[in-house]
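One structure is given here, and the rest of the page talks about it.
The values are calculated or read from the model by the stated rules, or taken from the named source; none is laboratory data. Everything numeric in this text was worked out from a predicted model, so none of it was measured. Using ideal geometry, Cβ is built from the backbone for each residue, glycine included, and neighbour counts are taken over all protein chains shown.
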Amino acid sequence: MLDALDAAELRDFSAACVLDLSKSGFAQWRAAQDIYPASVIKIALMTAAFARFADGDLHPDDRVRTDEANITPTAEPTPLVAGYEANVAQLVELMIERSDNIAANQLIDVLRRERVTTAMHALGLEHFFLGRKLSGADPLVEDPEEVGRNSLTPRDAAHLLRQIALDAVPGAAQQRDILARNVHDDKLVPGLREGDRFCHKTGETSLVSHDAGILRTHEGKTYVIVLYTMPPPAPGGGDAAHVNPQMAAWMRRVRDAL
């Protein structure tokens, strides 16, 4: 772990977890650090939605009208304009596959942030907190119900992904399939090998660049891989994507050691 971080020149501004689910092996670096999770927190929203589907008090086909108050810039083209009706399943898929911030904000209204926080604590995510909606740019989206800063530590992210990998939460197989369709493959994915399957979620702001997921190697082994980074600003500013090649280099070294 540390050798890979050093080789990628990431040790000073990163936190990481690698779980070997076949051997219960665990390696970590600063995994309890409370780094802003950005869009990685959307995994928890997905898991909470599937739990509600299983409980029967929410249905994937339930219709939700897009609220203008939830509109914010988002990573990919989106159908979610004010007044557009989507079902809950579509919101979950857009939120994970295309990192749609508007879909995430609509789901926060549907699922209720306090209920999501309670549900994640019940799953053992000790430091999880869903405090505010997501914004794609400044100024931040207005959120009258904001109660604080979002928190999902690398350790808690790994714990949640482990439960999804081991079918320990409702709809785990469906959640893995949705994570596998993530279109943002510019962080850890270039460090993988042909035939590997990575079910993952990225997160990025001007200050952080993250990737977290379940790796099924072509040899048939399963791992949870989480890497959070807080790189120094790039010359000229912009998002933290300038660290992506270093993240791929770290993944390549870790993959060679698995």
### Yes/no for ALA4 being in contact with a Pro (Cβ under 6 Å, 6 or more places away or on another chain), buried (at least 18 other Cβ atoms within 10 Å of the Cβ) and either in contact (Cβ under 8 Å) with a residue 40 or more places away in the chain or not in a helix (DSSP H, G or I) (or both)
no
### Query
Going through the stretch 181-227 one residue at a time, which ones are closer than 20 Å to HIS159 by Cα, touching a Phe, Trp or Tyr at 6+ places or on another chain (Cβ under 9 Å) and hydroxyl-bearing (Ser, Thr, Tyr)?
SER209, THR217
### Message
It is to be established whether one or more residues within the stretch 125-132 are over 25 Å from ALA82 (Cα atoms) and surrounded by fewer than 16 Cβ atoms within 10 Å (Cβ to Cβ).
### Response
yes
### Query
Taking into account only those residues within the stretch 166-224 that are within 14 Å of the chain's Cα centre (by Cα), in contact (Cβ under 8 Å) with a residue 24 or more places away in the chain and assigned to a helix (DSSP H, G or I), which is farthest from ALA54 (Cα to Cα)?
LEU179
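Collect the residues in the stretch 90-136 that are at positive phi and in contact (Cβ under 8 Å) with a residue 60 or more places away in the chain, keeping them in residue-number order. Walk me through how you get there before you give the answer.
To start, the set of residues in the stretch 90-136 that are at positive phi comprises 99, 112, 124.
Across the stretch 90-136, the qualifying residue is only SER99.
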### Query
Right, THR202: at negative phi, crowded, with 24+ Cβ neighbours inside 10 Å and not aromatic (Phe, Trp, Tyr) or not?
yes
### Task
Determine whether the stretch 91-99 contains at least one residue that is over 18 Å from the mean Cα position of the chain (by Cα) and either surrounded by 13 or more Cβ atoms within 10 Å (Cβ to Cβ) or in a helix (DSSP H, G or I) (or both).
no
### Query
Among the numbered criteria (1) farther than 27 Å from PRO77 by Cα; (2) surrounded by fewer than 24 Cβ atoms within 10 Å (Cβ to Cβ); (3) touching a Lys or Arg at 6+ places or on another chain (Cβ under 6 Å), which single criterion is violated by GLU219?
(3)
### Task
Output the qualifying pairs, or none if there are none: Cβ atoms under 8 angstrom, residues six or more apart or on different chains, first residue in the stretch 230-258 and of a type in the set (Asp, Glu), second residue surrounded by fewer than 20 Cβ atoms within 10 Å (Cβ to Cβ).
ASP239/THR205; ASP239/SER206
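Is it the case that LEU10 is under 19 Å from the mean Cα position of the chain (by Cα), at pLDDT 95 or above and under 30 Å from THR217 (Cα atoms)? Show your work before the answer.
Working: under 19 Å from the mean Cα position of the chain (by Cα): no; at pLDDT 95 or above: yes; under 30 Å from THR217 (Cα atoms): yes.
No: the conditions fail for LEU10.
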### Task
Could you identify the single residue in VAL64, VAL81 that is part of a strand (DSSP E or B) and more than 22 Å from the chain's Cα centre (by Cα)?
VAL64
### Task
Would you mind stating whether VAL226 is aliphatic (A, V, I, L, M) and under 20 Å from LEU2 (Cα atoms)?
yes
### Residues being over 23 Å from ALA240 (Cβ atoms) and hydrophobic (A, V, I, L, M, F, W, C) - total across the stretch 1-45
4
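What number of residues within the stretch 227-243 are at pLDDT 90 or above, touching a helix residue (DSSP H, G or I) at 6+ places or on another chain (Cβ under 8 Å) and surrounded by fewer than 21 Cβ atoms within 10 Å (Cβ to Cβ)? Quick ask: steps written out before the conclusion?
Filtering the stretch 227-243 down to residues at pLDDT 90 or above leaves 227-232, 241-243.
Next, from what is left, pick out any that are touching a helix residue (DSSP H, G or I) at 6+ places or on another chain (Cβ under 8 Å): 227-232.
Still in the running and surrounded by fewer than 21 Cβ atoms within 10 Å (Cβ to Cβ): 230-232.
Here the count works out to 3.
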### Query
Applying the selection to the stretch 114-165, what residues are closer than 29 Å to PHE13 by Cβ, in a helix (DSSP H, G or I) and of a type in the set (Lys, Arg)?
ARG155, ARG162
### Residues of the stretch 1-25 satisfying the condition of being of a type in the set (Gly, Ala, Ser), closer than 16 Å to ARG255 by Cα and out of contact with any strand residue (DSSP E or B) (no Cβ under 9 Å at 6 or more places or on another chain)
ALA7
